[in-house]
Amino acid sequence: MRGPAWRALLLVLALALADAAAGRFVVEKNSIQVTSPDELKGKYECAIGNFGVPQYGGTLHGWVKYPSTNQQGCQSFDDISFKPKKAGGRPNFVLLDRGECFFTIKAWNAQNAGAAAVIVVDDKSEPLITMDNPDEGKKHLENITIPSVLITKKLGDQLKKSAEAGEMLSVLLDWRESLPHPDERVEYEFWTNSNDECGPKCDMQMDFVKSFRGTAQVLEKKGYTQFTPHYITWYCPEAFVTSKQCKSQCINHGRYCAPDPEQDFSQGYDGKDVVVQNLHQICAFKIANETGKPWLWWDYVHDFALRCPMKDKKYTHDCASDVIKSLGLDVEKVNKCVGDPDADEENEILKVEQDAQIGHGKRGDVTILPTLVINNRQYRGKLDKVAVLKAICSGFEETTEPAICLSEDIQTNECLDNNGGCWLDQANNVTACKDTFRGRVCECPIVKGVKFVGDGYTHCEASGIGRCEISNGGCWQDTKDGKTISACSNEESEGCKCPAGFKGDGVKSCEGIIQKLDFLQP
């Protein structure tokens, strides 16, 4: 049953998807800036690989190495090391030709040889494409931790020519603008599947849910993010609705379909079972969201995978209901949302999901499962807790990101090195350096409600009411006979002025011009 029947269904679903899609697939990009040699200097586009760890919000500068052998990177680099020769040296990127093996194999071999990134050269003159990960090879997918990009054949040929001529190649990979970062909240979507028998990709999705669940819930509860889960479905063209394949893989008379989990119509669960459980997960989110607890979706999906796996024959409506009850959600409301899978009518929930698959604005069609969409752009890279969190953090407007984005595991605190080149009052431990996910900004601070003003780099000065309480407003002061004399006045928003009976600049000194002042007498 697995051979011709399965291929026939895939063809049917492909036709349905092609017919439904009014949008388009969008290749997500970052930039590659050639800094040497001079004749190639400039900024070019490159496509982000859908594996590894792109440095969203950051940059990576390195030397480019084009190996004299194994130029497609399909074998291990046993006799070559791409590690910097000296500790702290600029990292090396490996330039490899497309072809002969999976993109992930190239990245895996380059990473094992010490490369910090992989640049793949297209083997044909065409628009940039997305390098996807294969359905097999989970070991490589889990362990690739370096970024990979695809460049055009034209740029690649130029780089290879320079490398073969012995010229030093230096490039900057830049992901700072790969994701929009307009404000203090990040909206993101996770396109997933309840199927747990689809191989490495299903395992990867569930591993991600398990590891990211706690982080996602904290971000959502504190209002830093707005999360929405989604599920891909297809439909059978009308001519195939009564076929055995569509009846077993679809609900609502061919309107919503999913592939057979085991790719075998004669055993196990059918595609329609997957669609129904996907619908349960969407409805669980809908009801949880209506009660002000959208983060319960993560608990439901996590618990359902543990309690109701296909391999234990528990992938059922009853098991799903038990999980829903255990989380305090209203089972009747969820069931009403799910509706009747046998009804010859539209399911409003799944209809919305199908419509959402089609690209809009700068977001392309969702065709790769799983897919993460952050601020309406599709994330590319490893579905990993740290990698995804980095991408989400890059979606916040600078200086508005939550504390978790500034932890040592996520980014480097640039204020620790020479105070980031910003203004610093060492005596009072007041600095204009503010660490952000994308680097640092030099911005005069607010201390104890008092605003400092200045350029943030060479000068900051307390301003406004209360300024004299902070380092005396940067003004001169002295104490005589138990009385403090100050050149700072809270009645003035800025500046220093020696008090009556004194003269000087008010900042470094004030000298008395009479022996005694009335207000100094006992």
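State all residues of the range 208-247 that are of a type in the set (Ser, Thr, Tyr), surrounded by fewer than 18 Cβ atoms within 10 Å (Cβ to Cβ) and in contact with a Lys or Arg (Cβ under 9 Å, 6 or more places away or on another chain); if no residue qualifies, say none.
Answer for the range 208-247, where residues must be of a type in the set (Ser, Thr, Tyr), surrounded by fewer than 18 Cβ atoms within 10 Å (Cβ to Cβ) and in contact with a Lys or Arg (Cβ under 9 Å, 6 or more places away or on another chain): Ser211, Thr215.
Every residue in the range 460-473 that is more than 40 Å from the chain's Cα centre (by Cα) and at negative phi, please.
Ile465, Arg467, Cys468, Glu469
Only one of (1) modelled with pLDDT of 95 or more; (2) in contact with a helix residue (DSSP H, G or I) (Cβ under 6 Å, 6 or more places away or on another chain); (3) surrounded by fewer than 20 Cβ atoms within 10 Å (Cβ to Cβ) fails for Lys138. Which number is that?
In the conditions (1) modelled with pLDDT of 95 or more; (2) in contact with a helix residue (DSSP H, G or I) (Cβ under 6 Å, 6 or more places away or on another chain); (3) surrounded by fewer than 20 Cβ atoms within 10 Å (Cβ to Cβ), Lys138 misses (1) alone.
How many residues are at pLDDT 85 or above and either over 60 Å from the mean Cα position of the chain (by Cα) or open to solvent by less than 80 Å² (accessible area, probe 1.4 Å) (or both) when one looks only at the range 490-506? Break it down stepwise before answering.
Restricting attention to the range 490-506, the residues satisfying the condition of being at pLDDT 85 or above are 496-499, 502-506.
Those still in the list that are either over 60 Å from the mean Cα position of the chain (by Cα) or open to solvent by less than 80 Å² (accessible area, probe 1.4 Å) (or both) too: 496, 498-499, 502, 504, 506.
Adding up the residues that qualify gives 6.
Yes or no: Arg176 modelled with pLDDT of 95 or more, open to solvent by 60 Å² or more (accessible area, probe 1.4 Å), at negative phi and under 24 Å from the mean Cα position of the chain (by Cα)? It would help to see each step written out before you state the result.
On the way: modelled with pLDDT of 95 or more: no; open to solvent by 60 Å² or more (accessible area, probe 1.4 Å): yes; at negative phi: yes; under 24 Å from the mean Cα position of the chain (by Cα): yes.
The answer is no for Arg176.
For Ile513, work out the one condition from (1) without any contact (Cβ under 8 Å) to a residue 40 or more places away in the chain; (2) within 51 Å of the chain's Cα centre (by Cα) it doesn't fulfil.
So the condition that Ile513 fails would be (2).
Before we move on, is Gly420 in contact with a strand residue (DSSP E or B) (Cβ under 8 Å, 6 or more places away or on another chain), among the small types (Gly, Ala, Ser), closer than 30 Å to Leu60 by Cβ and at pLDDT 85 or above?
Details: in contact with a strand residue (DSSP E or B) (Cβ under 8 Å, 6 or more places away or on another chain): yes; among the small types (Gly, Ala, Ser): yes; closer than 30 Å to Leu60 by Cβ: yes; at pLDDT 85 or above: no.
Criteria not met by Gly420.
Got a sec? Which of Leu155, Leu159, Leu95 is of a type outside the set (Gly, Ala, Ser), at pLDDT 95 or above, within 27 Å of the chain's Cα centre (by Cα) and open to solvent by less than 30 Å² (accessible area, probe 1.4 Å)?
Details: Leu155 fails: within 27 Å of the chain's Cα centre (by Cα); Leu159 fails: within 27 Å of the chain's Cα centre (by Cα).
Result of the check over Leu155, Leu159, Leu95: Leu95.
Find the residue count for the range 33-70, including only residues that are part of a loop (DSSP other than H, G, I, E, B) and surrounded by 15 or more Cβ atoms within 10 Å (Cβ to Cβ). Walk me through how you get there before you give the answer.
Narrowing the range 33-70 to residues part of a loop (DSSP other than H, G, I, E, B): 37, 41, 49-58, 66-70.
Going one step further and asking which of them are surrounded by 15 or more Cβ atoms within 10 Å (Cβ to Cβ), we end up with 37, 49-58, 66-67, 70.
Residues in the range 33-70 being part of a loop (DSSP other than H, G, I, E, B) and surrounded by 15 or more Cβ atoms within 10 Å (Cβ to Cβ): 14 in total.
Please specify each residue of the range 474-494 satisfying the condition of being on the phi > 0 side of the Ramachandran plot and not charged (D, E, K, R).
Within the range 474-494, the subset on the phi > 0 side of the Ramachandran plot is 474, 481-482.
Within the range 474-494, Gly474, Gly482 qualify.
Being assigned to a helix (DSSP H, G or I) and of a type in the set (Gly, Ala, Ser) is the filter; apply it to the range 266-316 and report the residue that is farthest from the chain's Cα centre (by Cα). Lay out the reasoning, then the answer.
Looking only at the range 266-316, we keep the residues that are assigned to a helix (DSSP H, G or I), and these are 271-290, 296-307, 310-312.
Then drop every residue that is not of a type in the set (Gly, Ala, Ser), which leaves 271, 284, 288, 305.
On the way: Gly271: 31, Ala284: 25, Ala288: 25, Ala305: 25 Å.
Checking each candidate, the answer is Gly271.
Could you identify the single residue in Leu179, Leu128, Leu172 that is within 27 Å of Lys390 (Cβ to Cβ) and in a strand (DSSP E or B)?
Working: Leu179 fails: in a strand (DSSP E or B); Leu128 fails: in a strand (DSSP E or B).
Exactly one residue qualifies, and that residue is Leu172.
Looking at the range 393-405 only, could you name the residues that are touching a Phe, Trp or Tyr at 6+ places or on another chain (Cβ under 6 Å) and either modelled with pLDDT of 95 or more or crowded, with 21+ Cβ neighbours inside 10 Å (or both)? Working first, answer last.
Here is the first cut: in the range 393-405, the residues touching a Phe, Trp or Tyr at 6+ places or on another chain (Cβ under 6 Å) are 393-394, 401-402, 405.
If the condition is that a residue be touching a Phe, Trp or Tyr at 6+ places or on another chain (Cβ under 6 Å) and either modelled with pLDDT of 95 or more or crowded, with 21+ Cβ neighbours inside 10 Å (or both), then Cys393, Ser394, Glu401, Cys405 are the ones that fit.
The values are calculated or read from the model by the stated rules, or taken from the named source; none is laboratory data. Because the structure is predicted, anything quoted here is derived from the model rather than measured. With ideal geometry, Cβ positions are generated from the backbone for all residues, glycine too; neighbour counts draw on all protein chains shown. Please note that ligands, DNA and RNA were not included when accessible areas were found on the heavy atoms of the full protein model with its side chains. Shrake-Rupley method; radii C 1.70, N 1.55, O 1.52, S 1.80 Å.
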